[in-house]
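In what follows, a structure is listed as structure tokens, so that the remarks can point back to it.
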Amino acid sequence: MYSLSVIVPVYNAEKYLTQTLDSLAAQTVADSMQIILVDDGSSDASPAMCDDFASKRPDTVVIHRKNGGVSAARNAGLKEASGEYVGFVDADDTVAPDYYEKLLNAIQENGCDMAFSSLTFVLSSGNRIYPEWYEVGEVLNHSEICHSFIRKMVSDSSQNSACIKIFRRSIIEENNINFPAGVKIGEDKRFVLDFLKHCNSAVCVGNAGYFYLDVPSSAMHTDTVIEKLMDTYEDEVKIFRSLGLDEETVKTEKAAFVFYTFADFLQRRYSVSRKDAKASAKKYFADTSFMQVIDNSLEFIKQNNGRILSCLASAFAKRSVFMTLTVLFIQKLINERNS
């Protein structure tokens with residue numbers, strides 16, 4: 001049995017796939033890894049690239065299937081996984097050579113069910129590293145997972161991604177945990193939350209080297225991310241309530257999550273075009289129901305965040321496009337300086 005199975009959903013990814021596969025082949029624990037490439041009905045050169053990679057690596061499985069979306073592709077990969085642990089990589093991202101070595105060492109040395117790292121965004125304006133929630137090497141028990149980790153997930157998207165974690169496969173199988181079909185935004189969060197319900201312990205690995213490529217054509221750059229977020233807003237409030245969090249806390253901090261997502265969306269738009277960011281700000285400032293949710297978060301944002309987000313909260317409160325663009329410009333300069 002392999003120590004780790006890594007599942008890569010692939011859909012029309014020929015532009016980025018080579019660097020993704022090369023980074024997996026270069027893993028220091030490659031000899032104990034199973035790589036599962038799920039071609040989700042690609043119409044470009046991706047299927048042939050997957051087959052070529054597998055022909056050179058006997059530990060690689062390729063699944064060719066009709067297009068069904070990323071959740072269905074990952075679920076198909078889970079059925080083929082035989083590793084003690086399971087990880088996920090998107091077909092346009094890369095991982096540092098010792099990425100999975102760090103996660104495996106941490107999870108095995110501490111006997112945990114999950115190891116989690118942080119995410120590095122590769123932006124056109126420079127890299128941005130998500131902040132750490134815990135100290136490197138810190139181990140959370142089930143109670144801490146429920147009352148701290150899950151609580152943070154209400155208002156902070158830093159740990160939504162399944163790609164910055166490895167999971168004990170037996171827990172996934174025993175509890176029939178899958179990615180939700182038909183969900184285009186937030187499918188990772190649902191999977192992670194379902195796993196955490198049954199997770200006895202988790203260990204923080206810190207910035208281990210997962211590099212998320214910010215692709216301008218992705219859904220995260222379009223209105224889809226906001227529309228889907230609002231479509232699932234009430235549903236997610238119910239999910240977090242079912243996990244034992246009180247309703248007022250969930251509603252306030254979930255509104256803060258909408259704020260963070262909107263702020264990130266505008267920053268992404270600004271990184272491509274100031275004009276696009278301006279148009280998006282105008283559009284959503286005119287959306288009364290959306291801005292009512294944003295307004296519910298503003299005091300929380302000002303009390304729990306630094307100067308940049310506090311200034312952005314003030315700009316949103318005033319519905320000021322000029323103030324918003326000014327803050328986005330300052331954030332862009334900070335990102336460039338830190339890259």
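Name the residues whose placed amide hydrogens come within less than 5 Å of the amide hydrogen of A208, ignoring near sequence neighbours (fewer than 5 apart) on the same chain.
Here the answer is S118, since their amide H atoms fall under 5 Å of that of A208.
Give, as a single signed number, the net charge of other residues whose beta carbon lies under 10 Å from the beta carbon of E253, with Lys and Arg counted +1 and Asp and Glu -1.
Around E253, the surrounding residues sum to +2.
For segment 220-338, what does the relative contact order come out to in percent, with C-alpha contacts under 8 Å and a separation of six or more?
24 percent
With a sphere of radius 12 Å drawn around the Cβ of S3, what net charge do the other residues whose Cβ falls strictly inside it have (Lys, Arg +1; Asp, Glu -1)?
Overall, the nearby charge balance is -2.
Quick one: divide the alpha-carbon radius of gyration of segment 4-213 by 2.2 N^0.38 Å and tell me what you get.
Cα-based Rg divided by the globular estimate yields 0.96.
Tell me the net charge near A13. Cut-off is 9 Å between Cβ atoms, A13 excluded, with +1 for each Lys or Arg and -1 for each Asp or Glu.
Taking every Cβ under 9 Å from that of A13, the sum is -3.
What is the calculated FRET efficiency for Q108 to E135, with r their C-beta to C-beta distance and R₀ = 22 Å, to the nearest 0.05?
The value I calculate is 0.70.
Which pairs, out of K79/K152; K254/K302; K15/K197, put more than 26 Å between their alpha-carbon atoms?
K79/K152; K15/K197
Could you sort 251-259, 272-280, 113-121, 51-59 so that the peptide with the highest average Cβ count within 10 Å comes first and the rest follow in order?
Top of the packing list down: 113-121, 251-259, 272-280, 51-59.
Any idea what the dipole of the chain comes to, in debye rounded to 20, about its Cα centre with Lys/Arg Cβ at +1 and Asp/Glu Cβ at -1?
1280 debye
Using a 10 angstrom cutoff on alpha carbons, build the Gaussian network for the chain and name the most mobile of E174, E234, E132.
Top of the fluctuation ranking is E174.
What would the Debye equation give as log₁₀ I(q)/I(0) for segment 198-339 at q = 0.12, 0.13 Å⁻¹, counting only Cα atoms as equal point scatterers?
Here log10 of I(q) over I(0) equals -0.56, -0.65.
So for the chain, averaging the separation of alpha carbon pairs under 8 Å that are six or more residues apart and normalising by length, what relative contact order in percent results?
Across the chain, relative contact order equals 18 percent.
Compute the distance from the alpha-carbon center of segment 13-67 to that of segment 254-327, in whole Å.
Value for the Cα centre distance between the two parts: 39 Å.
Return the calculated 222 nm mean residue ellipticity for the chain, to the nearest 500 deg cm²/dmol, obtained by summing -39500 (n - 2.57) across DSSP H runs with n ≥ 4 and dividing by the residue count.
Rounded to the nearest 500, it is -14500 deg cm²/dmol.
Between L333 and T28, what FRET efficiency comes out of the Förster formula 1/(1 + (r/R0)^6) with R0 = 35 Å and r the beta carbon distance, rounded to 0.05?
Working from the Cβ atoms, E equals 0.45.
By how many degrees, 0 to 90 and rounded to 10, does the Cα axis of helix 274-285 deviate from the longest principal axis of the chain?
For 274-285 against the chain, the angle is about 70 degrees.
Identify, among S155, L37, L104, the residue whose Cα sits farthest towards the positive end of the charge dipole of segment 4-213, taking +1 on the Cβ of Lys and Arg and -1 on the Cβ of Asp and Glu, with the dipole about the Cα centre.
Of the listed residues, the answer is S155.
Towards the positive end of the charge dipole of segment 220-338, with charges on Cβ (+1 Lys, Arg; -1 Asp, Glu), say which of L266, L243, L328 has the farthest Cα.
Farthest along the dipole direction, towards plus: L328.
Order of 261-271, 297-307 by packing, highest average Cβ count within 10 Å first?
In decreasing order of mean packing, 261-271, 297-307 become 261-271, 297-307.
What is the dipole size for segment 216-313, taken about its Cα centre, with +1 at each Lys and Arg Cβ and -1 at each Asp and Glu Cβ, in debye to the nearest 20?
Approximately 640 debye in magnitude.
No value in this document is a laboratory result; all are computed from the given coordinates. Since this is a predicted model, take the numbers as computed values, not measurements. All Cβ positions, glycine included, derive from the backbone under ideal geometry; neighbour counts span all protein chains shown.
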